[in-house]
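Since every read-out is calculated from the coordinates, none of them should be taken as a lab result. For clarity, every value in this text was computed on a predicted model and none was experimentally measured.
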Amino acid sequence: MPDIAAEWGCDDATWASIKSKRSLIKICDAGDEDHFKKRLESIKELIANPPPVQEKKTPPAKTGRKRTNKTKVRKEGPYELYGGLPDALDEAAITVKVNERAAAKEAKDYSTADAIREALAEKGVRIRDDMRTWSYKNPAAKNPSPSPLADCLSEAPTAKEMDECIAAADSGDENSYG
């Protein structure tokens, strides 16, 4: 506390209870005794009769769609099959491969983990590390065979050949364009 503040009526207890003293120090440095005393009286009044504490206002709710996490993220535990699996695939064998991949990742052998993942992906097995699940999706459904029309148009035909190709596709005769 500046000496001049003590001379103008500020005691140690009041000075200690003031949180922001910078403006009072500036008033002392300027030598404005009247301003300091008025300010000190208002501070003493606030210390004696503090204002009621207001509750924090909650921010208004954001408009739009509220995101909810309906699925539980699992970072630990075994990988589980999610969904169905055709009879032609062996669930136990795929589970072993998925667990081998998880062990390779834990050992930081990422090349082995990636190779296992790619081999499983070729069979239609997808792995979700964030959910610790694996599922099957038919890889043939992802890349359906192209139509006969696409085959004949990919050969860059002339206008006449294109008309023949379209007519053949409309009639359902796949072998009329050759």
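Side notes on the structure shown:
- Tally, over segment 74-117, of residues that are assigned to a loop (DSSP other than H, G, I, E, B) and charged (D, E, K, R): 7
- Residue tally, condition in a loop (DSSP other than H, G, I, E, B), over 19 Å from PRO2 (Cα atoms) and among the charged types (D, E, K, R), over segment 13-65: 5
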